[in-house]
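To keep things clear, I will list the structure first and then write my remarks on it.
Taken together, the values in this text are just the output of simple stated rules run on the coordinates, not laboratory data. In this text the structure is predicted, and so the values were computed from the model without any measurement. Cβ placement follows ideal geometry from the backbone for every residue including glycine, while neighbour counts extend to all protein chains displayed.
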Amino acid sequence: MNLSPLFLDAFQEVGNIGLGNAATSLSQMLNAKVEMKVPRAGFLFFEEILPLVGGLEEVVACVYLRVEGDVPGTIVFIFKQESAFYLVDMLLGQEKGTTGMLDEMGESVVKEIGNVLTGSFINAICAMTSLNIVTTVPMFAFDMLAAVLSSCFVTINNADDQVLLIETSLLQDCEQITGHFFFFADPATLDKLFSSIGFTAGTF
């Protein structure tokens, strides 16, 4: 999707504000300094998001939830398997490589981090747009990407439409973890989101 630099800058700023809040929360959880960045933000078509995560057979950890209110849709936050394992080691104060599978504790850790990141992004969007956004209880999945997306698509009606991507990079002790925040919404929802930050159809 060809968007103006100003429009992309606006969503980059949403990501930066959200990650700033998330970094503070995660630093408190870890009792250590955490830096977070947004390498890129923008809109892609569904088929363009798959290579970012690694393909349909890539094993991923995913937190997903429905969004209701002014901009209904579905949010999916995805970490690759190795990133999910390292998140568990990081939060539990373990040496990197200790976690080799996700048990109940590991799932709880990844879900909590996904909740923090997702909540931070939603709060940033609300603050920037003054839209009313309400989220449902988050769900967690750990499976191949194809299975995860199939589960998510039970509540996604327009999988062929554009998807908002906010790529995240988390750095702690010189180690980097990349995650992907996706917002699936119908065109009418996106138009409302566009106009709420000062863009009208045909200008972005």
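Observations on the model:
- Rounded to the nearest 20 debye, dipole of region 30-134 from Cβ charges on Lys, Arg, Asp, Glu: 380
- Tally of Lys pairs whose C-alpha atoms are under 24 Å apart, taken over region 5-196, 8 or more apart or cross-chain: 9
- Mean Cα-pair separation over length for region 5-196, i.e. relative contact order, pairs under 8 Å, 6 or more apart, %: 33
- With the simple spin-label model, which puts each label point 7 Å out from Cα in the Cβ direction, the SER151 to LEU56 separation comes to 1.8 nm.
- Stretch gain in nm, segment GLU175-LYS192, where the contour uses 0.36 nm per residue and the Cα spacing is subtracted: 2.3 nm
- Spin-label model, GLN81 to LEU131: label points 7 Å out along the Cα-to-beta-carbon direction sit 3.5 nm apart.
- The fewest-to-most ranking of CYS126, CYS62, CYS152 by surrounding Cβ atoms within 10 Å reads CYS126, CYS152, CYS62.
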